[in-house]
Amino acid sequence: MERDTPDPEFLKRFSPFNLLDEKSLQEVAGKAQLTSKPKGNMLFKRDEERRWCHWIVRGKVDLLNKEFQAEQLSPDHETSKKMLDDQPKYKRTAVAVEDCVFLEIEQDTLDLALTVDQTKSDSENDDWMTNLLQSHLFELVPPANIQELFHRFAAVHYKKGDVVIKQGDEGDYFYVVQKGQLSIDREVTGETKHLAEVGPGAFFGEDALVSDAPRNATITMLTQGTLMRLGKDDFKALLHEPTCEYVTMAEIKEVTAAGEQKIRLLDVRHPKEFQEGSIKGAINVPLPVLRQNIPKLKADSAYVVTTPGRRGELAAFLINEASLDAYILRPDPDDSGD
């Protein structure tokens with residue numbers, strides 16, 4: 001079975017890709033694929049959950065209902081530009097009656113692209129939104145949450161020199177920069193250390209909201225500007241909680257035994273805690289240095305954070321934010337984890 005990536009212009013021939021704007025189409029094109037399937041191959045089966053969307057590009061396919069009555073489709077059929085089956089569960093079974101090529105994309109990917117595209121169209125200035133939506137986190141957020149998220153953001157205007165976040169304060173908002181430049185600084189043993197400067201599209205403030213810890217840096221406006229602000233409760237309900245995925249040790253062992261995915265266990269506690277006892281096979285990357293060490297993590301692996309509580313949640317959030325896959329270990333009383 002061969003796969004190839006279609007170009008955006010090709011995708012415009014099919015519905016609902018033709019509804020996307022150019023930027024959204026470019027982004028989704030890299031996630032679609034052209035797949036060759038030989039005669040007699042089953043594409044999908046009736047009553048299965050639809051995880052993939054399909055369109056016929058070349059060849060002929062039979063769509064069989066529960067009475068095994070067949071409707072045959074080919075690229076020149078009047079409905080060939082539409083999805084072969086758009087129901088949550090496939091209504092019919094699809095079988096290639098000759099060598100075929102299909103356009104395919106994951107259902108969640110297409111659903112998210114359509115939601116994002118329509119959400120952006122509601123905003124006059126959507127650059128900040130576009131940058132935020134490109135974060136890996138939004139691949140984990142249910143599409144139904146996205147529209148609500150952007151309704152909850154509020155624009156706040158600042159002058160040059162205004163302090164947006166002060167180190168040591170309680171976390172109250174998540175911020176996305178719409179316009180302006182900001183300085184991030186941290187006080188360490190009485191000295192101020194400059195960490196970075198950020199501008200439009202950057203987002204910050206999530207650490208304190210996830211961990212309920214005090215702000216760990218001061219962020220000051222270098223110019224006048226506008227920030228989009230999301231309250232703590234909305235952030236947790238709509239963005240943080242949906243991205244927290246839990247697995248048990250039994251599930252890890254099952255996946256590892258099947259060879260489906262490389263799994264690495266990550267302990268983000270203090271090194272002294274780690275030395276006093278840890279799950280066999282776990283590596284220790286303390287939370288304070290996790291962000292700077294994320295580029296060293298393996299992209300071909302999924303990470304399971306073994307540290308319970310808020311530290312584990314924050315670690316998984318940061319890893320997901322960096323476009324890697326992270327889960328949190330759910331304690332299993334029937335499994336020692338050895």
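The values are calculated or read from the model by the stated rules, or taken from the named source; none is laboratory data. It should be emphasised that the depicted structure is a prediction, and the values quoted were computed from it without experimental measurement. All Cβ positions, glycine included, derive from the backbone under ideal geometry; neighbour counts span all protein chains shown. All accessible areas refer to the heavy atoms of the entire protein, side chains included, with ligands and DNA or RNA removed. Shrake-Rupley method; radii C 1.70, N 1.55, O 1.52, S 1.80 Å.
Annotations for the structure displayed:
- Residue within the stretch 98-115 that is part of a loop (DSSP other than H, G, I, E, B) and of a type in the set (G, A, S) present: no
- Scanning the stretch 290-311 for residues that are modelled with pLDDT of 90 or more and either in contact with a His (Cβ under 7 Å, 6 or more places away or on another chain) or in a helix (DSSP H, G or I) (or both) returns L290, N293, I294, P295, K296.
- The number of residues in the stretch 283-293 being out of contact with any strand residue (DSSP E or B) (no Cβ under 9 Å at 6 or more places or on another chain) and surrounded by fewer than 17 Cβ atoms within 10 Å (Cβ to Cβ) comes to 5.
- Residue match in the stretch 213-233 (condition: surrounded by 15 or more Cβ atoms within 10 Å (Cβ to Cβ), assigned to a strand (DSSP E or B), in contact (Cβ under 8 Å) with a residue 40 or more places away in the chain and among the small types (G, A, S)): yes
- Only residues that are of a type in the set (V, I, T) and modelled with pLDDT under 85 were counted across the stretch 1-35, and they come to 1.
- Considering residues of the stretch 174-191 that are more than 17 Å from G225 (Cα to Cα) and in contact (Cβ under 8 Å) with a residue 24 or more places away in the chain only, the residue least open to solvent (accessible area, probe 1.4 Å): D185
- Every condition in (1) in contact with a Pro (Cβ under 9 Å, 6 or more places away or on another chain); (2) among the aliphatic types (A, V, I, L, M); (3) farther than 14 Å from F14 by Cβ holds for V61 except the one numbered (1).
- Answer from L230, L209 - the residue that is touching a His at 6+ places or on another chain (Cβ under 8 Å), among the aliphatic types (A, V, I, L, M) and at pLDDT below 95: L209
- Of note, V141 satisfies the criterion of being assigned to a loop (DSSP other than H, G, I, E, B), out of contact with any strand residue (DSSP E or B) (no Cβ under 6 Å at 6 or more places or on another chain), under 30 Å from D108 (Cα atoms) and open to solvent by less than 70 Å² (accessible area, probe 1.4 Å).
- Restricting the first member to the stretch 147-162 and to residues that are more than 18 Å from L114 (Cβ to Cβ), and the second to residues that are acidic (D, E) and open to solvent by less than 70 Å² (accessible area, probe 1.4 Å), the beta-carbon pairs closer than 9 Å and six or more apart or on different chains are R152/D234; F153/D234.
- Tallying residues that are out of contact with any Asp or Glu (no Cβ under 6 Å at 6 or more places or on another chain) and either of a type in the set (D, E) or assigned to a strand (DSSP E or B) (or both) within the stretch 150-186 yields 22.
- The residue that is nearest to the chain's Cα centre (by Cα), counting only those in the stretch 31-75 that are among the hydroxyl-bearing types (S, T, Y) and outside any loop (DSSP other than H, G, I, E, B), is T35.
- Positions within the stretch 257-282 being open to solvent by 80 Å² or more (accessible area, probe 1.4 Å) and touching a residue at least 40 places away in the same chain (Cβ under 8 Å), in sequence order: K262, R264, K280
- One residue stands out among those in the stretch 256-289 that are assigned to a loop (DSSP other than H, G, I, E, B) and over 18 Å from L314 (Cβ atoms): the one that is farthest from the chain's Cα centre (by Cα), which is G277.
- Top-ranked residue of the stretch 1-31 - restricted to ones that are touching a strand residue (DSSP E or B) at 6+ places or on another chain (Cβ under 8 Å), open to solvent by less than 80 Å² (accessible area, probe 1.4 Å) and among the aliphatic types (A, V, I, L, M), ranked as nearest to E106 (Cα to Cα): V28
- Any hit, the stretch 240-256, residues being under 23 Å from P142 (Cα atoms) and open to solvent by less than 20 Å² (accessible area, probe 1.4 Å): yes
- Selection within the stretch 146-172 - open to solvent by 30 Å² or more (accessible area, probe 1.4 Å), within 30 Å of D108 (Cβ to Cβ) and touching a helix residue (DSSP H, G or I) at 6+ places or on another chain (Cβ under 7 Å): Q147, E148, R152
- In the stretch 187-200, the residue that is nearest to R152 (Cα to Cα) out of those that are under 29 Å from the mean Cα position of the chain (by Cα) and in a strand (DSSP E or B) is V198.
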